[in-house]
Amino acid sequence: MHNFLKDLKHRIVVIEQTEEGLFNRAKLLNAGFSLYRDANAYFCFPDVDMLPESASCDYSYPVIPTHLSAYCSQFEYQFDPFCFGGVLLVNKGDFLKVNGFSNQYWGWGAEDDDLRKRLDQTRTLPLAHRMGRYHCIEQVAFGHPRAHEDVKRRGNPQYQKNCLRLGEGERLPYDPGTDGLSDLKFELLKTTAEAGFVRHLVRL
């Protein structure tokens, strides 16, 4: 990634959760934003298994929230205009405007779709797509809209709970102002400078 981003001033930050309890990707990303919100920066929220393949993966400043990973190897590089996961670029003002991610998505899945819903509900400008090509290290379409039926067959109750939270009466409509950066709680346990990145260990 450093080689790919050599023409941009950047910092790679890893926010790592303790092994206590369920994983919460969205809350970890909120914690990372909170730790760096005073920096003169914009933010990239990537899935860790997504690697850029070409110059089409444009990490320059996002005037509006921008989905970067339009074409992925795991989906045979077919463009899905409704997909909002993978790699997201967002400027500080827009992320603050929607109060960040929801903190309620424990376990795997649906938190990026929830963010898109927040953006749809609070913005007047459209979301953008940049036509980046990415290689997915893990060839798993688990949780993508095309894979939902497969997920149900596999029997993942926590994922199904997240989908329910996203799509049904429990959160339609809902106020992003009550869930996100504004009520974020985490404990920073340790910060270390590693080779090429900064690691923060947090307890959620």
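Remark: ASP49, ASP183 ranked as ASP183, ASP49, counting other beta-carbon atoms within 10 Å and listing the fewest first. Close amide H contacts of MET131 (hydrogens built in the peptide plane, cut-off under 5 Å, sequence separation of 5 or more or a different chain): none are found. List the chymotrypsin sites (Phe, Trp or Tyr not before Pro) in segment 68-107 that DSSP assigns to loop (not H, G, I, E or B) and whose Cβ has at most 16 other Cβ atoms within 10 Å. Which are they? For chymotrypsin sites (Phe, Trp or Tyr not before Pro) across segment 68-107 that sit outside H, G, I, E and B with at most 16 neighbouring Cβ atoms in 10 Å, the list reads TYR77, PHE79, PHE82.
Cross-linked pairs LYS27/LYS190; LYS9/LYS92; LYS27/LYS92; LYS161/LYS190: Cα-Cα separations exceed 21 Å for LYS161/LYS190. Sequence-ordered 3J(HN,Hα) estimates for segment 72-78 from the Karplus curve with 6.51, -1.76 and 1.60 and θ = phi - 60° stand at 10, 4, 5, 10, 6, 6, 8 Hz, glycine and proline given as x. Hydrodynamic analysis of the chain uses the Kirkwood radius over alpha carbon pairs. Inserted into Stokes-Einstein at 37 °C and 0.692 mPa s, it gives a translational diffusion coefficient of 185 µm²/s. Close amide H pairs (under 5 Å, H built 1.01 Å from N) link SER69 with VAL87, residues at least 5 positions away or on another chain. Springs join every pair of Cα atoms under 10 Å in this Gaussian network model of the chain, and among GLY180, GLY93, GLY132 the largest mean-square fluctuation is at GLY93. Taking a Cβ cut-off of under 11 Å around ARG199, the surrounding Lys, Arg, Asp and Glu residues balance to a net charge of -1, with basic ones at +1 and acidic ones at -1.
Assuming charge only on the beta carbon of Lys and Arg (+1) and of Asp and Glu (-1), the dipole of the chain about its Cα centre is about 300 debye to the nearest 20. Taking every C-alpha pair closer than 8 Å and separated by at least 6 residues, the mean separation divided by the residue count of the chain gives a relative contact order of 31 percent.
Each reported figure results from applying straightforward, stated rules to the coordinates on display, with no laboratory input. Note that this is a predicted model, so its numbers are computed, not measured. Every residue, glycine among them, receives a Cβ derived from its backbone with ideal geometry; neighbour counts consider all protein chains shown.
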